[in-house]
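Take a look at the structure below.
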Amino acid sequence: MKIQLRLEKLWKRARIERSYFSLEKISDRFILVKIVFDYDKVKDYYGRLVWCFYDEAEPLIIYFDKSRETYTSEEVLLPNELTFFVDSFSDKFVNYPQVSTSGLPALSLTSVERMGDDFLVEERGELTVAYKDNSIYCLLNASQPDEIVQVGENIGFYFSNKMLSGIKLQLTDHDKLLLQQAHLI
């Protein structure tokens, strides 16, 4: 059974204090990308969920804070941290979505009735990491996004038919230099 992440809404109650990403050179032609979202914990916070998306190699891992709407008991996932590795870039073409919004995306899991306490969800699929126009794109299942949700200036979540389809990171000159030093560009 395929378990995907669906965009439910943009979370208005969590004030984002900062969102940032870092690139760390692990070895030649291998870097770790880490994205962190710092926001006020919502009062209806009740645990964590780890979602791992595997291809043939290292996974994309998203750590979520779980929250429940007080009046509806609706369960949503708020991204807290995201990591993935880069050992090469694909030359796949990335379409630019027409719809652009901003905020912290609140997600839900498809094919799961209710979320229990802390747990891990694993999904297999095609993970593509591309470099284009001074940005890193981490795309899931080769889907073409139709919407982007900007979280801060340099981080965007891609969605295709409301399903999470990727992440975009706008690089600084320092980030590009690190990619050059790792012989990736």
| remark: Karplus-derived 3J(HN,Hα) from phi for the range 90-96 (6.51 cos²θ - 1.76 cosθ + 1.60, θ = phi - 60°), whole Hz, x at Gly and Pro, runs 7, 9, 4, 6, 10, 6, 9
| message | From the protein chains alone at 1.4 Å, what is the descending order of accessible area for Thr83, Thr172, largest first? | response | Thr172, Thr83
| Considering only protein heavy atoms, what is the solvent-accessible area of Lys25 at a probe of 1.4 Å, reported in Å² to the nearest 10? | 90 Å²
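Arrange the residues Phe37, Phe85 by how much accessible surface each exposes, largest first, with a 1.4 angstrom probe. Present the calculation step by step, with values, prior to reporting the outcome.
Details: Phe37 5, Phe85 65 Å².
Largest to smallest exposure gives the sequence Phe85, Phe37.
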| message | Can you give me the % of accessible surface on the chain that is carbon or sulfur? Probe 1.4 Å, all protein chains present, nothing else counted. | response | 47 percent
| said: Nearest 500 deg cm²/dmol is fine: what mean residue ellipticity at 222 nm does the chain get from its DSSP H runs of n ≥ 4 alone, each adding -39,500 (n - 2.57), divided by its residue count? | reply: -1500 deg cm²/dmol
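For the chain, what class follows from the C-alpha gyration tensor (a ≥ b ≥ c being the square roots of its eigenvalues): rounded when a/c is under 1.5, otherwise prolate if a/b is larger than b/c, else oblate? Mind showing how you got there, number by number?
Working: a/c = 1.70, a/b = 1.57, b/c = 1.08.
Since a/c reaches 1.5 and a/b is larger than b/c, the shape of the chain is classed as prolate.
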| How much solvent-accessible surface does Glu24 expose, in Å² to the nearest 10, with a 1.4 Å probe and all protein chains in place? | 100 Å²
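The values are calculated or read from the model by the stated rules, or taken from the named source; none is laboratory data. If you're wondering where the values come from, they're calculated on a predicted model, not measured in any experiment. We work out accessible area using only protein heavy atoms, side chains counted, and drop any ligands, DNA or RNA first. Shrake-Rupley method; radii C 1.70, N 1.55, O 1.52, S 1.80 Å.
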